[in-house]
Amino acid sequence: MIFDTHAHYDDSQFDTDREELLASMPEHGIGTIVNASAAVDSWQRVLELTEKYPFMYGMIGVHPDEVGMLDEEKFAEMEELLKRDKIAAVGEIGLDYYWDNESHDVQKLWFIRQLELARKIGLPVNIHSREAAADTMDILKQYGQGMKAIIHCYSYSKEMAEEYVRMGYLIGIGGVVTFKNARKLKEVVQAIPMTHIVLETDCPYLAPEPNRGKRNSSVNLHDVAAAIAELKGISTEEVIRVTEENARRFYGL
Ligand SMILES: [Zn+2]
C-alpha cells in the first residue's frame, strides 16, 4: 500500500472534513502516513493525529520559516516529544531562502541544532530546502554524515540528487513530477535508483495533475506513482511496493 512520507493533515485546510478524509485512506490504498510538524504550535495537533489513527505517525520539528519561535525551553520540550512512541522523525527542518522569513544565520543555527538533536536521539530527519542548495549541502556534509535523511520535495539538480544518494539519503518525490514543465525533476527521477525514492504529498500543497492547484491529499499519490512508473519504465504497482519498502526501512516501521 502507498506510504505518504510527508503530509500536513493538521493544516486548517482539512478542518471541514479531516475525519472523513482520513477514515477513507485505507479504502484508497493508503497504508501509512507520516505527518510533519511545521511550527511549534503544530506539535500538539500532530500528536493527536498519531494517537487517533493507527496508520499515522508524526514528526516533531520546526520549519525554517518558523524557527524565530524557538528558544531553549521549546527546544527542551521538543526533545521530550521526540521520545513518544509514534514520533518517527525530526522534521521538517532546513533552510528556506525563498521566503527568507528569518535571517540565514538564525535558520542555520536551528537547522544544525535540530540535526544534532536527531542524531542524539537516533531519529531520521526530513529536510526542507528551498533556494538554499549550497548551504544545505554544506551543513549536511558537516553535521549529517551517516544520518538517515529524506530531502523532501526535492527541487535541485540531478547531480546534487546523485550526491545525496551517495550520502545514503532518500529523495522525496511528490506532485511536481506530474507537471508538464518539471523537466529537471523528471531527469532526477530517471537518474537516481528506485531504492532511494519515496512518495510524499506535502498536502494540502502541491497536488499532482490532473488536480493541480486544488487541495492535495494522499489519495492523489496514485498519480505520482504512475508518473514515476512511466519515467522508470516499470509498473505503478512496482513503484508503490518499492517506495513503501524504502519508507518503512527509513522510519523503522
Ligand atoms: Zn512540508
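The values are calculated or read from the model by the stated rules, or taken from the named source; none is laboratory data. Since we're looking at a predicted model, the values are computed, not measured. Every residue, glycine as well, gets a Cβ built from its backbone with ideal geometry; the counts of neighbours run over all protein chains shown.
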Residue check for Asp105: surrounded by 14 or more Cβ atoms within 10 Å (Cβ to Cβ) and without any contact (Cβ under 8 Å) to a residue 12 or more places away in the chain: no
Cβ-Cβ under 7 Å, sequence separation 6+ or interchain: first residue in the range 134-154 and under 19 Å from Val34 (Cβ atoms) and in contact (Cβ under 8 Å) with a residue 24 or more places away in the chain, partner within 16 Å of the ligand (Cβ to nearest atom) and of a type in the set (S, T, N, Q). Which pairs? Ile150/Thr5; Ile150/Asn126; Ile151/Ser129; His152/Asn126
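Considering each of Ile2, Ile87 in turn, give the residue that is of a type in the set (Val, Ile, Thr), closer than 18 Å to Gly174 by Cβ and touching a helix residue (DSSP H, G or I) at 6+ places or on another chain (Cβ under 9 Å).
Numbers: Ile87 fails: closer than 18 Å to Gly174 by Cβ.
When all the criteria are applied, what remains is Ile2.
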Does the range 11-34 hold any residues that are part of a helix (DSSP H, G or I) and touching a His at 6+ places or on another chain (Cβ under 7 Å), and which are they? none
Please work out if Ser37 is assigned to a helix (DSSP H, G or I), crowded, with 21+ Cβ neighbours inside 10 Å and within 16 Å of the ligand (Cβ to nearest atom). no
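Taking Pro210, is it surrounded by 17 or more Cβ atoms within 10 Å (Cβ to Cβ) and either modelled with pLDDT of 95 or more or over 21 Å from Tyr98 (Cβ atoms) (or both)?
On the way: surrounded by 17 or more Cβ atoms within 10 Å (Cβ to Cβ): no; either modelled with pLDDT of 95 or more or over 21 Å from Tyr98 (Cβ atoms) (or both): yes.
No.
For (1) within 16 Å of the ligand (Cβ to nearest atom); (2) within 19 Å of Ala191 (Cβ to Cβ), each residue gets a yes or a no:
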| position | (1), (2) |
| --- | --- |
| Lys74 | no, no |
| Gly94 | yes, no |
| Leu115 | no, no |
| Ile121 | no, no |
| Tyr143 | no, no |
| Lys148 | no, no |
| Val165 | no, yes |
Please list, ordered by first then second residue, the pairs with beta carbon atoms under 7 Å, 6 or more apart or interchain, first in the range 1-15 and farther than 10 Å from Ala36 by Cα and in contact (Cβ under 8 Å) with a residue 24 or more places away in the chain, second near the ligand (Cβ under 10 Å from one of its atoms) and of a type in the set (Val, Ile, Thr). Asp4/Thr201
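Taking the stated definitions as given, is Gly252 within 18 Å of Gly29 (Cα to Cα) and in contact (Cβ under 8 Å) with a residue 40 or more places away in the chain? Quick ask: steps written out before the conclusion?
On the way: within 18 Å of Gly29 (Cα to Cα): no; in contact (Cβ under 8 Å) with a residue 40 or more places away in the chain: yes.
Considered against the rule, which asks whether it is within 18 Å of Gly29 (Cα to Cα) and in contact (Cβ under 8 Å) with a residue 40 or more places away in the chain, Gly252 comes out as no.
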Cβ-Cβ distance below 8 Å, separation of 6 or more or different chains: which pairs start in the range 50-66 with a residue that is among the polar types (S, T, N, Q) and end on one that is surrounded by fewer than 22 Cβ atoms within 10 Å (Cβ to Cβ) and assigned to a loop (DSSP other than H, G, I, E, B)? Thr50/Arg84; Thr50/Lys86
For the range 80-98, name all the residues that are surrounded by 14 or more Cβ atoms within 10 Å (Cβ to Cβ) and among the acidic types (Asp, Glu). Glu92, Asp96
